[in-house]
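For reference, the structure discussed in these notes is given below.
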Amino acid sequence: MDSPEILYMVVPCYNEQEVLPETSKQLRTKYSALMEQGLISRESRIVFVNDGSADRTWSIIQELHRTEPQFFSGIDLAHNSGHQNAVLAGLMTVKDLCDMCITIDADLQDDINTIDEMVKKYYEGNQVVYGVRSARDTDTLFKKSTAEGFYKFMKIMGADVIYNHADFRLMSKRVLQELSGFKEVNLFLRGMVPLIGFQNCKVYYERHERAAGESKYPLKKMLSFAINGITSFSTKPLKLITGLGLVMSAVSIIAFIWAFITKIVGFTEHGWSSTMCSIWLIGGLQLFCLGIIGEYIGKIYAEVKQRPRYIVAEFLSDVNEKEKK
């Protein structure tokens with residue numbers, strides 16, 4: 001390593017006024033240590049991305065930049081664009097300013113001490129370093145089972161995702177440049193980044209309890225995120241519908257033959273319950289299949305409009321300020 005390279009950290013924030021003071025304090029301490037060790041350049045920055053927060057999140061970010069511009073920068077999105085879009089907004093804004101970039105959530109659940117190992121893995125030649133949870137001891141039984149089930153189901157569906165990896169990762173400048181070529185509106189970065197390729201590795205860490213505030217991913221959002229991930233990276237659900245249709249057709253033929261035979265032998269009395277159950281079963285399957293098809297049609301509708309995924313209202317950066325001067 002001839003000289004330390006520039007590390008930018010992108011931290012998406014949505015109503016994080018309770019946790020930001022502690023987050024900024026710990027990240028500042030970590031950056032100072034990395035700079036003292038000569039692992040990162042003193043031009044490295046921590047970039048908080050305000051995703052349309054309704055609390056004091058943006059004013060706190062502005063104050064951090066005003067008092068310590070050598071550490072903190074900020075991006076203010078024009079409206080709430082969602083977690084994945086906020087992460088992408090940060091990445092695309094800093095891709096020309098850094099040599100490597102780490103994305104991490106603002107809640108301090110990802111272990112920032114893992115950053116040291118990530119940076120070292122980068123210097124060893126890895127273009128992507130995935131932060132992977134070694135255990136889920138802090139999760140409830142329900143969240144643990146559903147989360148692990150999600151990763152396994154994504155694999156079955158054919159999506160190349162890293163097991164127990166969320167959005168805590170390091171990417172090189174080259175990877176960020178390639179990521180900028182992905183134009184889809186329906187973002188699922190956990191599936192997009194592995195598609196880029198290049199040399200990569202994993203580092204393992206234990207996830208902590210949230211330092212303050214409430215989780216921004218309740219069950220409803222988690223389910224929506226899972227559905228988006230599956231339908232964005234796999235067409236297997238559509239193929240399963242075709243298979244289900246063939247099976248139901250075969251069952252219908254068998255049922256027709258059975259009805260014909262009973263008619264011939266004189267046994268024509270049929271139960272009302274079995275008839276109603278058949279109607280409800282087939283009707284339910286049809287609606288379910290239409291729902292899956294509708295998910296894909298909805299994604300096509302969103303993609304063809306080609307609306308911007310995010311709008312940056314303001315970028316606080318001492319680099320930009322120096323250029324203006």
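Does Asn50 count as open to solvent by less than 20 Å² (accessible area, probe 1.4 Å) and either more than 20 Å from Val175 (Cβ to Cβ) or touching a His at 6+ places or on another chain (Cβ under 9 Å) (or both)?
yes
Among the residues of the range 93-115, which ones are more than 19 Å from Ala166 (Cα to Cα) and in a helix (DSSP H, G or I)?
Here is the first cut: in the range 93-115, the ones more than 19 Å from Ala166 (Cα to Cα) are 93-99.
Selection gives Thr93, Val94.
Where residues in the range 188-216 are at pLDDT below 80 and exposed (fewer than 14 other Cβ atoms within 10 Å of the Cβ), which of them is nearest to the chain's Cα centre (by Cα)?
So, considering only residues that are at pLDDT below 80 and exposed (fewer than 14 other Cβ atoms within 10 Å of the Cβ), the one nearest to the chain's Cα centre (by Cα) is Ser215.
Just need a number here: residues in the range 23-34 that are crowded, with 16+ Cβ neighbours inside 10 Å and in contact with a Phe, Trp or Tyr (Cβ under 9 Å, 6 or more places away or on another chain). Explain how you work it out, then say what you get.
Start the filter on the range 23-34 by keeping residues that are crowded, with 16+ Cβ neighbours inside 10 Å, which leaves 23-24, 27-28, 30-31, 34.
Of the ones still in play, those that are also in contact with a Phe, Trp or Tyr (Cβ under 9 Å, 6 or more places away or on another chain) are 23-24, 27-28, 31.
So the answer is 5.
Please go through the range 167-207 and give me each residue that is under 22 Å from Gly82 (Cβ atoms) and among the hydroxyl-bearing types (Ser, Thr, Tyr), ordered by number.
Within the range 167-207, just Ser180 meets the criteria.
Pairs under 6 Å by beta carbon, first residue more than 11 Å from Asp160 (Cβ to Cβ) in the range 182-196, partner at pLDDT 85 or above and of a type in the set (Asp, Glu), six or more apart or different chains?
Cβ pairs passing all conditions: none.
In the range 1-22, how many are farther than 21 Å from Ala33 by Cβ and surrounded by 24 or more Cβ atoms within 10 Å (Cβ to Cβ)?
Looking only at that region, the number is 3.
Output yes when any residue across the range 73-83 is open to solvent by 40 Å² or more (accessible area, probe 1.4 Å), under 25 Å from Ile311 (Cα atoms), at pLDDT below 90 and assigned to a helix (DSSP H, G or I), and no when none is.
Yes: one or more hits.
Considering only residues that are charged (D, E, K, R) and in contact (Cβ under 8 Å) with a residue 12 or more places away in the chain, look in the range 1-44 and name the one that is farthest from Cys98 (Cα to Cα). Outline the logic, then answer.
First, pick out the residues of the range 1-44 that are charged (D, E, K, R): 2, 5, 16, 18, 22, 25, 28, 30, 36, 42-43.
After this cut, where a residue has to be in contact (Cβ under 8 Å) with a residue 12 or more places away in the chain as well, the list is 5, 16, 18, 22, 28, 30, 42-43.
Working: Glu5: 8, Glu16: 25, Glu18: 29, Glu22: 25, Arg28: 18, Lys30: 18, Arg42: 12, Glu43: 9 Å.
Ranking the qualifying residues of the range 1-44, first place goes to Glu18.
The values are calculated or read from the model by the stated rules, or taken from the named source; none is laboratory data. From a predicted model like this one, the values you see are computed outputs, not experimental measurements. All Cβ positions, even for glycine, are placed from backbone atoms using ideal geometry, and neighbour counts span all protein chains on display. Each accessible area value is taken on the protein alone, full model and side chains, heavy atoms only, with ligands, DNA and RNA left out. Shrake-Rupley method; radii C 1.70, N 1.55, O 1.52, S 1.80 Å.
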